[in-house]
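Report on the structure given below.
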Amino acid sequence: MADYREVLLEEVNNTGEVDTLVLAKKLGVDHQVLVGAVKSLQSLGDILSVEQVQTKFLQLTEEGLSVVANGSHEAVVFQKVPKEGIPQGDLMKAVPNFKVGFSKAMSAGWIRMDKAAEGGPRVFRKVDSIEDTVQKCLLKIQNLSLDGITDSAKAEYKKRKLIAEVKETGYRLKKGANFTLTVEKREVDLTPAMIQSGSWKTKQFKPYNFDALGVPPERGHLHPLLKVRTQYRQIFLEMGFTEMPTNNFIESSFWNFDTLFVPQKHPARDSQDTFFISDPSTASAFPMDYLQKVAKVHSTGDFGSTGYGYEWQMEETEKNVLRTHTTPVSARMLYKLAQQETFKPVKYFSIDRVFRNENLDATHLAEFHQIEGMVADRGLTLGDLMGVIHEFFMKLGIKKLRFKPAYNPYTEPSMEIFSYHEGLQKWVEVGNSGVFRPEMLLPMGMPEDVSVIAWGLSLERPTMIKYGINNIRDLIGPKVNLQMVYDNPLCRLDK
């Protein structure tokens, strides 16, 4: 097996500077093999000057590799269209990724569609031959060549998920103060055998560092989300709020939707917006008196409401979901409060994770944290809600607020909360709020003169603003750089 320490020394001696990533490709070896050799040479003293460098390069995805092998989506669509044309339905069945390929081929002017053709829409060729530039460009990228590939083309291929940017960490090596081509391992211990034979006289010993402090013990680090969460929690506690238990990620549709007066046909209850649980798929053991009152309010109306006027389905209310918000926790707490013989005003808050079937992008994930505050008392008004929200945001250091009327199924009136962002020089939405509807409170058994005001906001967005993070996937998830977690300071809000 080759001694790559000697290989590195020879390369540095011949060229003056070596990039380990480039050398690994040149030698056809795993880069980690060279990293091990670098670490070994560093332990021998100041033989090499070592600088850590990070390299970015483009790499084909699985879909990109498929395009190199079979042609781009639009080229595949073109090749499947005979000269006499083909029904659009048949073409759709014959081509994978038809939607993308058809759209791109139409935009490129390679094909046309006759909607008035006999037998339905028919696709025809507009040109005799094509040049598959996408396949050629991806082949160049695969061969580590970017000649002739524009930035706009690279951006397009990234958007189509044909290529991805990959980061690799390597080392730049130069001659150190004690550079040598001879690798001799220094002895660590003076043994009796060396003394008896006298071999110690010709040995090189590693010097002892009596001032070394030793390896520091491993310790935990607070994630930026936890730092900001701690500040929000402290503000709620300072304002006299009590934290609600939020340890159940799975909720039945009854608590997650029905108790909040969200109709059973509402779009939020579709699989495109909500994650449904397959095992166990349903829940049971509901408070049946309360459930029947909720069902009546929804279907025929009650407590002064006309309801939604639809047929209540028990199978819908039994479905288990990953909770889409923390408001079902608020509903449980309010129901528990309504069962007490004597009503007592309360102030509750929660900060915990919720789940939505979102399209992932720089500002949206399928899971995030919701911050929720709630006050229940007699005679509360919209003015009380605005006053509490002003006080809450003042403690965050946010002084410029505006309110905009909005619609929520379980609050009326409802308001979106906007704050003036000094950095962006514009008003941005920071939360939602409202007064819980009687259709939600009265079936619980809450006294008629009791009102509940509530507001909510996310934890991720203010954390991204506080720590200057532009992409939410750099804050939470598998792509997080742990060094960012170690280096970021404590969260201090400008109160």
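Among the residues of the stretch 98-109, those that are open to solvent by 40 Å² or more (accessible area, probe 1.4 Å) and out of contact with any Ser or Thr (no Cβ under 9 Å at 6 or more places or on another chain) comprise 99, 100, 103, 106, 107, 108.
Listed by first and then second residue, the pairs with beta-carbon distance under 7 Å, at least 6 apart or on different chains, first residue in the stretch 104-116 and acidic (Asp, Glu), second crowded, with 18+ Cβ neighbours inside 10 Å, are 114/122. Can you pull out every residue in the stretch 41-71 that is under 32 Å from the mean Cα position of the chain (by Cα), surrounded by 15 or more Cβ atoms within 10 Å (Cβ to Cβ) and assigned to a strand (DSSP E or B)? Correct list: 58, 60. Scanning the stretch 46-78 for residues that are of a type in the set (S, T, N, Q) and either in contact with a strand residue (DSSP E or B) (Cβ under 8 Å, 6 or more places away or on another chain) or more than 16 Å from residue 153 (Cα to Cα) (or both) gives 49, 52, 54, 55, 59, 61, 66, 70. Of 64, 71, 101, 85, all but one fail to be more than 21 Å from residue 129 (Cα to Cα) and of a type outside the set (Lys, Arg); the exception is 64. Of everything listed in (1) farther than 30 Å from residue 99 by Cα; (2) modelled with pLDDT of 85 or more, the single unmet condition for residue 68 is (1). Looking across the stretch 84-93, just one residue is open to solvent by less than 20 Å² (accessible area, probe 1.4 Å) and on the phi < 0 side of the Ramachandran plot, and that is 91. When 38, 81 are checked against the criterion of being open to solvent by less than 30 Å² (accessible area, probe 1.4 Å) and either of a type in the set (Ser, Thr, Tyr) or in a loop (DSSP other than H, G, I, E, B) (or both), 81 stands alone in meeting it.
Every residue in the stretch 360-387 that is surrounded by fewer than 15 Cβ atoms within 10 Å (Cβ to Cβ) and within 24 Å of residue 266 (Cα to Cα), please. Across the stretch 360-387, the qualifying residues are 360, 364, 366.
Out of the stretch 22-35, which residues are open to solvent by less than 40 Å² (accessible area, probe 1.4 Å) and of a type in the set (A, V, I, L, M)? Correct list: 23, 24, 29, 34, 35.
Taking the conditions (1) of a type in the set (S, T, N, Q); (2) over 28 Å from the mean Cα position of the chain (by Cα); (3) open to solvent by 60 Å² or more (accessible area, probe 1.4 Å) in turn, residue 234 satisfies each one other than (2). Residues that are of a type in the set (Val, Ile, Thr), modelled with pLDDT of 75 or more and either touching a strand residue (DSSP E or B) at 6+ places or on another chain (Cβ under 6 Å) or closer than 16 Å to residue 429 by Cα (or both) within the stretch 459-478 comprise just one, 463.
Would you check if there is a residue in the stretch 412-430 being without any contact (Cβ under 8 Å) to a residue 60 or more places away in the chain and more than 29 Å from the chain's Cα centre (by Cα)? Scanning the stretch 412-430, I find at least one residue that is without any contact (Cβ under 8 Å) to a residue 60 or more places away in the chain and more than 29 Å from the chain's Cα centre (by Cα), so the answer is yes. Just name the residue that is nearest to residue 84 (Cα to Cα) out of those in the stretch 100-130 that are of a type in the set (A, V, I, L, M) and not in a loop (DSSP other than H, G, I, E, B). Among residues in the stretch 100-130 that are of a type in the set (A, V, I, L, M) and not in a loop (DSSP other than H, G, I, E, B), the one nearest to residue 84 (Cα to Cα) is 123. Keeping to the stretch 237-270, report how many residues are of a type outside the set (Phe, Trp, Tyr) and open to solvent by less than 40 Å² (accessible area, probe 1.4 Å). The number of residues fulfilling the criteria is 15. Contact map, the stretch 318-345: first residue in contact (Cβ under 8 Å) with a residue 60 or more places away in the chain, second residue buried (at least 16 other Cβ atoms within 10 Å of the Cβ) and of a type in the set (D, E, K, R), Cβ cut-off under 7 Å, separation 6 or more or different chains; pairs are 321/251; 323/251; 324/356; 326/352; 326/372; 327/372; 328/251; 330/372.
Within the stretch 1-21, the set of residues being in contact (Cβ under 8 Å) with a residue 12 or more places away in the chain, loosely packed, with under 12 Cβ neighbours inside 10 Å and of a type outside the set (Gly, Ala, Ser) comprises just one member, 3. Only residues that are crowded, with 17+ Cβ neighbours inside 10 Å and within 22 Å of residue 335 (Cα to Cα) were counted across the stretch 273-292, and they come to 4. Only one of the numbered conditions (1) farther than 29 Å from residue 87 by Cα; (2) surrounded by 12 or more Cβ atoms within 10 Å (Cβ to Cβ); (3) touching a helix residue (DSSP H, G or I) at 6+ places or on another chain (Cβ under 7 Å) is not met by residue 147, and that is (2).
Restricted to helices (runs of 4 or more DSSP H) entirely inside the stretch 131-202, those with at least 2 residues that are within 28 Å of residue 32 (Cβ to Cβ) and touching a strand residue (DSSP E or B) at 6+ places or on another chain (Cβ under 6 Å) are 133-142. For the stretch 186-230, a residue qualifies if it is under 18 Å from residue 44 (Cβ atoms) and without any contact (Cβ under 8 Å) to a residue 12 or more places away in the chain, and the qualifying residues are 189, 202, 207, 208, 209, 212. Taken residue by residue, the stretch 345-359 has at least one member that is at pLDDT 90 or above, over 16 Å from the mean Cα position of the chain (by Cα) and either of a type in the set (Lys, Arg) or open to solvent by 50 Å² or more (accessible area, probe 1.4 Å) (or both).
The values are calculated or read from the model by the stated rules, or taken from the named source; none is laboratory data. Since we're looking at a predicted model, the values are computed, not measured. For neighbour counting, all protein chains shown are included, and Cβ atoms are generated from backbone atoms with ideal geometry for every residue, glycine included. Side chains are part of the model used for accessible areas, which takes the heavy atoms of the whole protein and leaves out ligands, DNA and RNA. Shrake-Rupley method; radii C 1.70, N 1.55, O 1.52, S 1.80 Å.
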